[in-house]
Structures are given as structure tokens and as C-alpha cells.
Amino acid sequence: MIDIRNLSIQFTGENLFEDVSLRIHRGDKIALVGSNGKGKSTLLKLLIDIEKPESGEIVKQKGTRIGYLPQDLIAFKGRKLFDEVKSSMLEIQTLIERESDILLQLNSHSPNPADRQELLNTLGELHHRKEELDFYSAESRIEKVLIGLGFKEKDFIRSTEEFSGGWQMRIQLAKILLANNDLLLLDEPTNHLDIDTLEWLVTFLQNYNGALIIVSHDRYFINSITNKTLEVFNNKVDFFPGNYEHYLKFKDERDAQLIELQKNREKRVKEIEKFIERFRYKNTKAKQVQSRIKMLEKMDSVELIEQEKKIELHFPEPPRSGIVPIELKNISKSYGELEVLIDVNLNIERGEKIAIVGVNGAGKTTLAKIVGSKIPPTKGNLMYGNNTVVSYYEQEVADSLNPDHDLIDALEEVNEELSPGQLRKILGTFLFSGDDVFKKIKVLSGGEKSRVALARLLLTKSNFIILDEPTNHLDYSSKEILQKALIRFNGTMIIVSHDIDFLKPIITKVYEIRDHKVNVYYGGIEYYLTKRNELHQQENSLERSLFQEKVTRKDQKRIEAEIRKQKFNLTKDLKKELDVCESEIKTLEVLKTKLEIELAEPAVYSNPSTARDKNIEYDKIKELLEEEYNQWTELSNKLEGIEQNFK
């Protein structure tokens, strides 16, 4: 489907890719992996023609349709949500326009029979193509995708500009999922999704007929979908069979082999260098020395393993809190008339590691902020137990950092006991080195701000930590190290996250927010998913049945209405002509019958002159009647032909 031939590109003077050649086939479901900044997003942009290579070419089969979901947030405006998503179904829109044009031609004038038949044949072909595209269920497919991505039916008529950034991303995702693309390029598609939506998207993409290339730090997501892995490594891009887990096993084996090759090469180099140094000045060994020097020059270099910087987190030992560090009694929270939480009662016990999950907008961050005393409840009491010390990592880190502080200031703000040198060492652990520590917060990227906020959290000796989407800006390696640090943490924690793979080894209890209430699951994230799926099937089997019945009825009514309209437009003139023809036939048949009666009367057939006139009139009526019969037959055949097309 797509051939990449000898592709090379540079960025800020460094080669991202050199002489890359590979082929993407229909049905490939590919995880694109590699270190941050090594060119994954650039490769996607090359495939969609946003970026141009310095050399080489990308050859696509004619008519290949590509859908692209970038990391950068998109802003839609000017249309209702449903209409915006429907606009992505380009072939369906084209069919509607072509059909309207044909109907206009058929109704605006009376084409000659040959032209009319050609238009009717074309209309039949359009109807056949509509069936192939499942045209009549297009609107129900849009509804299913929008609901699957977390939108409500009441959202369908909202203007797109009313939706926030994360929901704008979902609009774009809905458009490319419905656009009948041959290849989808998804750059971090899960960043703004909740667990319910994530599970729906996994199922959708598993059944998607086109090819996929996915960049994602959500290991659960890509392992559930992909069957190939494409690695960006040392300026090359190479395929490996299997999903990300299979690739990691290969990578470990490759790294071990490269390390062994490096050791053997270094050992051989030292032996040769030792010989050269020992006999460099002996004439009798001059030839052997020169031979060794040439050997050294010709030795192939070993492809070095990329040494990735990693965040190393070691939480300080927290002071011991009471058995119940935090208790919530009859907590409710509303924003104006919008109710978010109603009568929430929770006892959080020491050492518990709790995940807060739920659909976007359910109140996950609201509950976390109430527990962290960032916002007050509308009603109810929040009680801290003995010696409870809380630290809070916010999802929107920009809101919690002073933009005019440099990185040293940002850390001193939470811990004044450490020297600037110690703070610099900590920042180095978080990938900030040299003069980076003097950068202002306001010039940092979202990912850099996240790392600063995590460094601040590390310096706080808390026994109760709250993390709201801590993994959104971390790569695989960084997430793994944060994950291990949280597993080792001896205090109590709450994590708001949709990253299932990240949560699996950490979580001991799950709070699910649904319908303003908090449902408690006494087990890890896998236990929650199992129980939730069982409950979801039980609760929604009837709802799904009713929804499907509703959709089916709606589709059927829509189809019948459209067919009736098209059939009426195409047949109304013919039916009028048939009515006129039948009326004329009826009139002529009455005259013919009347003349037959008169010709049978003695007063007429005994009078030669009268009989001759009546016979002339009779023959004329018969001739006119025959013409009308022929006209009626022709019109009836045309009408029957049109009706047959609709059948």
C-alpha cells in the first residue's frame, strides 16, 4: 500500500533517519516505538505530507486515504457536532450530491428516451454503491462512534466550539474512524480518554479493516491492538513481528548481544593497541605493526546501544499516619446547578493505593481535589486523621507552578532545607542539566512542567500523595521507574489515571465515579475491569437492545422516507401523463361505444350519407384510441422500469 524508499531527513542539524526503506501493507497494525525526540511524530508527518524528506520518496497506491490524529490539539468551529463528523464521510457526501444532480436533470426537463434511460442506469449504480457503503446506516454509525467516544445524544446538536481541548481531539478521532480510511496514523490517541472510552476504542481498532500506525506510551493499549512493531533506533526504522511485548523481548536479546560484541571488540582493540605500542619502535616488527594498524582501521564499529536518560524516583520515608488518614462524610459537590458528587462516604485506610476511574466529566479530578483540600465540598465533611501530610500532583501542572520562577526557585518553594547544589542534582535526575535549571517555568513544554511537578512531589515528605494523570508526559522508561517508586512507597496514595498497564502492579482498591456516586471495588485494576464488564453487560443488555431497536427503526424510517421521496420525484410527471392519457382513453371509449350504438340503429345504417359520416368519425375515434393505448403502454413501461430500480 505504501513504499518508503531510501528516506532521509534531518532536524536541527542531526539525522533523524538515514536511507530508510520499508513497506506498509493493508491490514498492518503497527506500534511505532523509540526514544522521545527520535522522530516518531516526524515519520507520521512524512506519511501525511506535512513534512518533506531531504532525500528518498514515499510512494502510495493511487487513491490511498490516510487519517491523521496529531498530538497537537485541534479546534473545530462553525458546525454542529453531528454535522462536523458527518462531513468526514466524503464518498457518501459525493453520492448525495451526484444523486441530487441526476434527480434535478430528470425533473427539470424532459430528456429524450436514451438520455433518460442513461440517467436512470446511473441512478441505479449509485443506489448499488450506497448499499455497498451501508449508506442508509451512516447516521446510526456516527451515533455509535460518538457515543463510544463518550459523547451524549444531547451533544450531537451542540456547536463544536463549545467543546474543550480533550473533546476536540475526540471529534477528530470520530471523523477519521468514520472516513473509510485505508491507513490511520494515531499520535498518542489515549492522552485524553477515560477507561470506558479506551476499552471501546481498543475493540473498535481491533476490528478495523484498514492499516494502523500508533504512537502511544500506553502499553496496554498498543499490546491489545498491534501485530507489528516499527522501531526508530540509531537513525534507522525497522520492523519486528509481534506486539510491543514481543519487541521488548527481542530488544533485551539484542542489547545483550550488542553488549557482548562491544566487550569483544574492546578486548580485541586493546590487544592490538598493546602490540602496536610494544613493538612500534622495533624495526624487525615494523611490518607486523603496520599490519595491526591497518587491521585496527578496518575493524567494523559496533552499533552502540542507545543510552536513554531515565527518571529515578526514590520517595523519602514518610512519617506514619493514623489508621484512617482521611475520611469523607456525606460529601457533595456542585458547580452552580451542575451536580458532580452526591453524598459520598469514604474511609481511606493507611497504606491503601487507590485508583479513581470514571468517564471524563464524571468528577475524578473534583474528588481528588476535595481529598487534597484544593477545593471545598459544597456539603459534607472532610476529616484528616492524625499526622496526615498530603502532597498533590495536578493534572494541569501549569496551574500550580509560578511562571516567573526558574527551576531552582520551583523546588526551593517546597523545600528550603536543600542547597542549590542538591537541588541541581535532583533536577538532573529529572533530565534537567546545565543551564536548563535556570529556565523560567513559562518557557517549558507541558512534559517539562510535568517533570518539575514530579520533582517537587519528591521533595515533600508526605504520607498521603495524590497524583492526577501523572503519566501523560512520560515515556515508557520514565513511567516504569515512576511505577516502581510508587510500588515501593510506604504511605497512602490516590491516582487518577486511565493507564491500565501503569496501574496494574500498584493499585489495591478502585473508586469508580458514576452517576454522581462512588462505587468501591476491593481489588486491583484487573479485578475492577472484570467486575465492571460483568456488571456493564447485565445493566446495559436491555439498553443496548432498545438502542439497537431504536436505531433500526430510525434507519428503516429514514430509508423508506428517502425512497418514497426519490420515487415520487421520478414518477410524478409520468403519473400525471398517465392520468391525462387514461382520462383521454376513457373519453374516447365512451365516444366509440356511443358511435357503435348509433351505427346499429336503422335510421343511421339505412341512410347512406349519415352512415358514411358516422363510419368516418368512428374510424377516427378508433385511430385516436389506438394512439392513446400505445402512449399509455409506453408510459406504463417507463413507470414500471423506475419502480423496478427501486425494488
Is it the case that the range 400-411 has a residue that's part of a strand (DSSP E or B) and either outside the structural domain of Ile494 (by TED's automatic domain parsing) or among the hydroxyl-bearing types (Ser, Thr, Tyr) (or both)?
no
Tally time: how many residues in the range 158-196 are of a type in the set (S, T, N, Q) and in contact with a His (Cβ under 8 Å, 6 or more places away or on another chain)?
1
Which residue pairs have Cβ atoms closer than 6 Å, lie 6 or more positions apart in sequence or on different chains, and pair a first residue in the range 621-633 that is touching a residue at least 60 places away in the same chain (Cβ under 8 Å) and crowded, with 16+ Cβ neighbours inside 10 Å with a second residue that is assigned to a helix (DSSP H, G or I) and acidic (Asp, Glu)?
none
Enumeration of residues in the range 372-395 that are hydroxyl-bearing (Ser, Thr, Tyr), under 38 Å from the mean Cα position of the chain (by Cα) and surrounded by fewer than 20 Cβ atoms within 10 Å (Cβ to Cβ):
Ser373, Thr378
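In the range 328-360, which residues are under 26 Å from Val389 (Cβ atoms) and hydrophobic (A, V, I, L, M, F, W, C)?
Step one: filter the range 328-360 for residues under 26 Å from Val389 (Cβ atoms), giving 328-331, 333, 341, 344-357.
Once the filter is applied, which keeps residues that are under 26 Å from Val389 (Cβ atoms) and hydrophobic (A, V, I, L, M, F, W, C), the range 328-360 yields Leu328, Ile331, Leu341, Val344, Leu346, Ile348, Ile354, Ala355, Ile356, Val357.
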Test Arg26 against the criterion of being among the basic types (Lys, Arg) and at pLDDT 90 or above, and give yes or no.
no
Selection within the range 168-202 - more than 23 Å from Val33 (Cβ to Cβ) and free of Cβ contacts under 8 Å to residues at least 40 places away in the same chain
Arg170
Which condition breaks for Thr94 when tested against (1) in contact with a Phe, Trp or Tyr (Cβ under 9 Å, 6 or more places away or on another chain); (2) β-branched (Val, Ile, Thr); (3) without any contact (Cβ under 8 Å) to a residue 12 or more places away in the chain?
(1)
For the range 320-371, how many residues meet the condition of being part of a loop (DSSP other than H, G, I, E, B) and within 30 Å of the chain's Cα centre (by Cα)?
6
Could you list, in sequence order, the residues of the range 75-119 that are modelled with pLDDT under 80 and of a type in the set (Val, Ile, Thr)?
Ile92, Thr94, Ile96, Ile102
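The values are calculated or read from the model by the stated rules, or taken from the named source; none is laboratory data. Here the structure is a predicted model, which means the values were calculated and not measured. Cβ sites come from the backbone with ideal geometry, for glycine too, and all protein chains shown count toward neighbours.
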